[in-house]
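First comes the structure, then the notes that go with it.
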Amino acid sequence: MNDAIKPGPETPSQAGLPELSVVVPTFNERDNVTVLYRRLEATLAGIAWEVVFVDDNSPDGTWEVVRGLARKDSRVRCIRRIGRRGLSGACIEGILASSAPYAAVIDADLQHDEAQLPKMVALLRSGEAELVVGSRYIEGGSADSFNKQRAGASQLATEVAKRTLKVEIADPMSGFFMIRRDRFEQLAPQLSTQGFKILLDIVASAQGNLRTIEIPYSFGSRQHGESKLDSMVALDFLGLVLAKLTHDVVSLRFLLFAMVGGTGIVVHLVALFIAHEIFNARFAEAQAIGALVAMTSNFILNNFLTYRDQRLKGFAILRGLLLFYLVCGVGLLANVGVAFSIFEQEPIWWLAGLAGALMGVVWNYAMSGLFVWRRR
C-alpha cells in the first residue's frame, strides 16, 4: 500500500518542472526586479526556469512588485521574510524552496551577467561541475566598476580566504554562482544564515569535495538603489573565517557576540576610571557603574550587529535591555562561581579567570538568544 503512493522519480521534462531555479535575494530593489525578470526571460529561452525572489520585507515594497509579476507569470515566485534579514539566509531559504535540480544565485542590482546562466547550466548538465562560479578574477573577467577602496577590500578578503581556509578558487567572494541543488542540500546544515558571503561558506564547508569550474564575467555598475554592503560586512567576513577555522564548533553569531563582549571590557574599564578617578566615587560604586555602562554598551552593539536580523525596535528595546541586564547579572554569578570552584581545586588565577569568563559569555549568549532576541 505504501509503495503505491510513493512518488516515482521525475525529471523536469517529464513533470513539467523547471530545470533551473534562479534565486534573487532582495532588499529595496523595486526599480530592478522587473528589469531583471525581463533579462532572464530573454536569456533563458529554451531552458525551463523559475525565479525565486526572497525579499526581506523591503520598505520600498519590492515584494509587491514581485507579486505583480507572479500574477502574470507562474515562473515568478516571491518569498517575503518577516523578522529575518541577511543575504546568506535569503539564499539558503530560496534554494531550499526551489524545485529545480540546478539553482543559481544572482543579485537584483543588475551587476551580475545573466547572459552566463545558459553556459552554467550546460556545465552542470554535462556533469563537468557541481558548482559553477562567475569569476571576476580569472582571464576574461573584470571588476573595473569597483572603486579603489572596494577593489582593495575585495582582493584582501580573497587572499585571506585562500590562505586561511585553503580555498582554491580565484573568486570565493563572488555572489554569482550556480550549484546542483542536491549537493547544496547536503551542505546546507553547515552553512551560516548570517552575513553576505554565501559562496565562501559553501566552498569552505565542502572542503574540496565539490567539483568547481569558474567562468569569467564582467562585474557591472549598479543601475538603481544603493549598495547593501557596509562596514559590518568586514566583521561578518572575519566571523565566518573564524567559524570555518574551528570547523563550525562555534557559530558566526557566537563569535560576533564574543567580540562585542571584548569591547565591553574596554568600556567597563574606561567607565570605572572616570567614576573612580575623576568623580571620586567609591570603588564599589564605580565598579557597579562600569558594569552597568558596559552591559548597556554590549546590548546596543549586539542589537545593532550580532542580532541585526532580529533587531529590537521601539518599546521592545527597553524590554530587551532590562532582560539583558538580568541575563548578564546571572551570567556574572555563573562566572564568579565557576572561577572560584576551579581556583579552589587548582590555584592558578588566570586559568580560573578564563574558565569563569568563558562560562559567563556562553551563558549570556545562550540566554540572550532565548529571552532577549528570541524569534517571535
**Request:** Could you tell me whether the stretch 114-128 includes any residue that is more than 25 Å from Pro18 (Cβ to Cβ) and in contact (Cβ under 8 Å) with a residue 12 or more places away in the chain?
**Result:** no
**Request:** Please work out which residue is modelled with the lowest pLDDT, limiting yourself to the stretch 344-364 and to residues that are assigned to a helix (DSSP H, G or I) and open to solvent by 90 Å² or more (accessible area, probe 1.4 Å).
**Result:** Trp349
**Flag for Thr263 being among the hydroxyl-bearing types (Ser, Thr, Tyr) and either touching a Pro at 6+ places or on another chain (Cβ under 7 Å) or in contact (Cβ under 8 Å) with a residue 40 or more places away in the chain (or both)** = no
**Complete:** In the stretch 287-306, anything of a type in the set (A, V, I, L, M, F, W, C), surrounded by fewer than 20 Cβ atoms within 10 Å (Cβ to Cβ) and farther than 18 Å from Phe237 by Cα is listed as Ala288, Ile289, Ala291, Leu292, Val293, Ile300
**Message:** I'm told Gln207 meets every condition in (1) open to solvent by less than 50 Å² (accessible area, probe 1.4 Å); (2) within 21 Å of Leu252 (Cβ to Cβ) except one. Can you identify the failing condition by its number?
**Reply:** (1)
**Asked** Can you find even one residue in the stretch 17-31 that is open to solvent by 10 Å² or more (accessible area, probe 1.4 Å), touching a strand residue (DSSP E or B) at 6+ places or on another chain (Cβ under 9 Å), of a type in the set (D, E, K, R) and not in a loop (DSSP other than H, G, I, E, B)?
**Response** no
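Against the definition (over 21 Å from Ser218 (Cα atoms), surrounded by 19 or more Cβ atoms within 10 Å (Cβ to Cβ) and not β-branched (Val, Ile, Thr)), how does Tyr102 come out, yes or no?
Taking the combined requirement at face value, the residue satisfies it.
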**Item:** Whichever residue in the stretch 233-268 is out of contact with any helix residue (DSSP H, G or I) (no Cβ under 7 Å at 6 or more places or on another chain) and more than 21 Å from Gln310 (Cα to Cα) and, among such residues, is least open to solvent (accessible area, probe 1.4 Å)
**Value:** Gly262
**Message:** Being in a strand (DSSP E or B) and closer than 15 Å to Leu199 by Cβ is the filter here; which residues of the stretch 118-144 pass it?
**Reply:** Leu131, Val132, Val133, Gly134, Ser135
**Complete:** Reported set for the stretch 52-81 where residues are under 26 Å from Gln190 (Cβ atoms) and β-branched (Val, Ile, Thr) is Val52, Val54, Ile79
**Request:** For the stretch 10-32, indicate whether the set of residues that are modelled with pLDDT of 95 or more, under 31 Å from the mean Cα position of the chain (by Cα) and aromatic (Phe, Trp, Tyr) is non-empty.
**Result:** no
**Asked** Name the residues in the stretch 53-92 that are modelled with pLDDT under 95, open to solvent by 10 Å² or more (accessible area, probe 1.4 Å) and in contact with a Pro (Cβ under 9 Å, 6 or more places away or on another chain), would you?
**Response** Asp56, Gly86, Leu87
**Request:** Could you please find all residues in the stretch 243-260 being touching a residue at least 24 places away in the same chain (Cβ under 8 Å) and outside any helix (DSSP H, G or I)?
**Result:** Asp248, Ser251
**Request:** Starting from residues that are farther than 14 Å from Leu370 by Cα and in a helix (DSSP H, G or I), keep the ones in the stretch 307-318 and report whichever is most open to solvent (accessible area, probe 1.4 Å).
**Result:** Phe315
**Asked** In the stretch 323-340, what residues are farther than 14 Å from Gly369 by Cα and either open to solvent by 50 Å² or more (accessible area, probe 1.4 Å) or outside any helix (DSSP H, G or I) (or both)?
**Response** Val330, Leu332, Leu333, Val336, Phe340
**Fill in**
Across (1) open to solvent by 20 Å² or more (accessible area, probe 1.4 Å); (2) farther than 23 Å from Ala108 by Cα; (3) over 16 Å from the mean Cα position of the chain (by Cα), Gln190 clears everything bar (3)
**Prompt:** Can you name the residue in the stretch 44-86 that is without any contact (Cβ under 8 Å) to a residue 12 or more places away in the chain and either among the hydrophobic types (A, V, I, L, M, F, W, C) or touching a Lys or Arg at 6+ places or on another chain (Cβ under 9 Å) (or both) and, of all such residues, is farthest from Asn303 (Cα to Cα)?
**Reply:** Ala45
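Restricting attention to the stretch 147-160, does a residue exist that is part of a loop (DSSP other than H, G, I, E, B), within 27 Å of Gln310 (Cα to Cα) and either among the aliphatic types (A, V, I, L, M) or open to solvent by less than 20 Å² (accessible area, probe 1.4 Å) (or both)?
No, because not a single residue in the stretch 147-160 is part of a loop (DSSP other than H, G, I, E, B), within 27 Å of Gln310 (Cα to Cα) and either among the aliphatic types (A, V, I, L, M) or open to solvent by less than 20 Å² (accessible area, probe 1.4 Å) (or both).
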**Item:** Conditions (1) part of a helix (DSSP H, G or I); (2) touching a Ser or Thr at 6+ places or on another chain (Cβ under 7 Å); (3) buried (at least 23 other Cβ atoms within 10 Å of the Cβ); number of the one not met by Ala108
**Value:** (1)
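The values are calculated or read from the model by the stated rules, or taken from the named source; none is laboratory data. For clarity, every value in this text was computed on a predicted model and none was experimentally measured. All Cβ positions, even for glycine, are placed from backbone atoms using ideal geometry, and neighbour counts span all protein chains on display. For accessibility, only protein heavy atoms count, side chains too; no ligands or nucleic acids. Shrake-Rupley method; radii C 1.70, N 1.55, O 1.52, S 1.80 Å.
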